[in-house]
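Quick notes on the structure that follows.
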Amino acid sequence: MRLGINLGYWGAGMDGDNLAVAQEADRLGYDVCWAAEAYGSDVPTVLAWVAAQTDSIDVGSAIMQIPARQPAMTAMTAATLDSLSGGRFRLGLGVSGPQVSEGWYGVKFDKPLARTREYVEIVRKAMSRERLSYEGEHWTLPLPDGPGKPIKLTVHPQREHIPLYIAAIGPKNLEQTGEIADGALLIFPSADHLEDTAVKHLRAGREKAGKTMEGFDVCPTLPLAVGEDVGGLADMFRPYTALYVGGMGSRKQNFYNKLAQRMGYEKEAAEIQDKYLSGDKSGAAAAVPHDLIDRTTLLGPVERIAERMQAYAAAGVTTLTLAPAGFTLDERIAALRAGTDALERSGLAA
């Protein structure tokens with residue numbers, strides 16, 4: 001099993017720290033450094049900045065939002081980043097959510113699976129440097145009855161095949177991801193529930209495409225905090241878990257809330273959402289069960305984290321992405337180093 005690092009969103013006074021974290025991850029031999037975007041910093045700029053100041057670590061988008069860009073623009077960006085980084089770019093895509101898609105980008109959040117499938121087909125075709133023509137429900141290239149003509153990408157990516165990942169949570173999205181992508185970006189993964197909530201759906205998609213799970217990258221992100229007081233460490237992540245389970249999306253469309261329900265927390269997920277949407281964020285955080293936090297993070301001393309890594313590997317994880325917690329750069333670096341120490345102790349290091 002390989003390790004990755006997730007820098008999250010750039011900004012909020014953390015710019016220099018995030019770069020230092022990425023550089024230390026590069027030095028420690030982490031496999032990939034991911035960055036995110038929502039409605040603040042854009043991910044390609046961040047990754048270009050990180051790639052220019054690291055040597056061997058891959059850089060990946062987790063995620064580039066599908067409603068933010070036309071697919072041909074995403075192909076151009078991916079090819080450029082792969083070329084500039086010397087073949088170290090990984091393209092992670094996702095549909096975002098209804099609030100961001102419609103409120104920020106002005107793109108209707110409808111038929112997300114069909115849109116994702118068409119988007120991936122166009123991106124792959126463009127990155128392969130074929131002349132781009134496509135007829136689908138959501139995109140038609142070139143536009144009919146106009147001056148447009150099929151055009152070929154002029155930039156040469158470093159590699160013939162840039163790895164493409166999709167952020168997936170729901171069963172149908174996971175199955176499609178297994179069918180059309182090279183990897184899946186997961187969030188709130190519990191090793192105990194990973195087979196039922198994710199891997200079996202990914203496997204079904206692979207089988208539909210006539211493939212196995214061999215070579216497919218199952219890549220969840222887990223917050224990491226190191227120390228002896230597991231309960232106190234878990235409390236650090238109460239606001240984080242409450243935000244996703246209670247406040248992401250809308251009451252009807254919160255993918256993380258539905259995931260918590262599928263993990264067996266139906267009553268708790270409803271209470272967290274009720275409190276969060278009513279404005280009681282502290283009450284929502286208090287309502288998050290300790291067990292839910294502990295199952296979806298890596299907490300405790302290095303020995304305990306190593307045991308948890310073994311459980312994730314046994315559940316099918318191939319790249320474990322860490323989001324090291326800490327109020328200072330030194331704390332985040334220490335957590336990053338503890339991650340490599342735990343992997344060594346687990347016996348899973350390549």
The lone condition Ala323 fails out of (1) among the small types (Gly, Ala, Ser); (2) more than 26 Å from Lys200 (Cβ to Cβ); (3) buried (at least 19 other Cβ atoms within 10 Å of the Cβ) is (2)
Check the stretch 97-119 and report whether any residue there is assigned to a loop (DSSP other than H, G, I, E, B) and crowded, with 21+ Cβ neighbours inside 10 Å. yes
Taking the stretch 280-300 as the region of interest, how many residues are in contact (Cβ under 8 Å) with a residue 60 or more places away in the chain and either within 13 Å of Asp235 (Cβ to Cβ) or not hydrophobic (A, V, I, L, M, F, W, C) (or both)? 6
Count of the stretch 213-263 residues which are among the hydroxyl-bearing types (Ser, Thr, Tyr) and either at pLDDT below 95 or in contact with a His (Cβ under 9 Å, 6 or more places away or on another chain) (or both): 4
Among the residues in the stretch 125-136, are any outside any helix (DSSP H, G or I), crowded, with 21+ Cβ neighbours inside 10 Å and assigned by TED's automatic domain parsing to the domain that holds Asn173? no
Pick from the stretch 142-189 the residues that are under 27 Å from the mean Cα position of the chain (by Cα) and among the basic types (Lys, Arg): which of them is farthest from Arg88 (Cα to Cα)? Lys172
Could you tell me whether any residue of the stretch 69-88 is assigned by TED's automatic domain parsing to the domain that holds Leu186, aliphatic (A, V, I, L, M) and either touching an Asp or Glu at 6+ places or on another chain (Cβ under 6 Å) or under 30 Å from Asn257 (Cβ atoms) (or both)? no
May I ask you to list pairs of residues, at least six apart or on different chains, whose Cβ atoms are under 7 Å apart, with the first in the stretch 150-168 being assigned by TED's automatic domain parsing to the domain that holds Pro112 and the second being modelled with pLDDT of 95 or more and of a type in the set (Val, Ile, Thr)? Val155/Thr80; Leu164/Val120; Ile166/Thr116; Ile166/Thr177; Ala167/Ile63; Ala168/Thr177
Restricting to the stretch 166-194, and then to whatever is touching a Lys or Arg at 6+ places or on another chain (Cβ under 9 Å) and charged (D, E, K, R), can you tell me which residue is surrounded by the fewest Cβ atoms within 10 Å (Cβ to Cβ)? Asp192
Is there any pair linking a residue in the stretch 206-222 that is in the same structural domain as Arg117 (by TED's automatic domain parsing) and buried (at least 20 other Cβ atoms within 10 Å of the Cβ) to one that is among the charged types (D, E, K, R) and in a loop (DSSP other than H, G, I, E, B), with Cβ under 8 Å and at least six apart or on different chains, and which? Phe216/Asp182; Asp217/Asp182
Can you name the condition, by its number, that Val107 falls short on among (1) more than 23 Å from Thr77 (Cβ to Cβ); (2) more than 20 Å from the chain's Cα centre (by Cα)? (1)
Does Pro142 satisfy the condition of being free of Cβ contacts under 8 Å to residues at least 12 places away in the same chain and surrounded by fewer than 22 Cβ atoms within 10 Å (Cβ to Cβ)? yes
Test: Ser61 is without any contact (Cβ under 8 Å) to a residue 40 or more places away in the chain, closer than 27 Å to Glu214 by Cβ and over 17 Å from the mean Cα position of the chain (by Cα): no
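The values are calculated or read from the model by the stated rules, or taken from the named source; none is laboratory data. This one's a predicted model, so the numbers in the text were calculated from it and none came from an experiment. Here the Cβ is made from the backbone with ideal geometry for all residues, glycine too, and neighbour counts use every protein chain on show.
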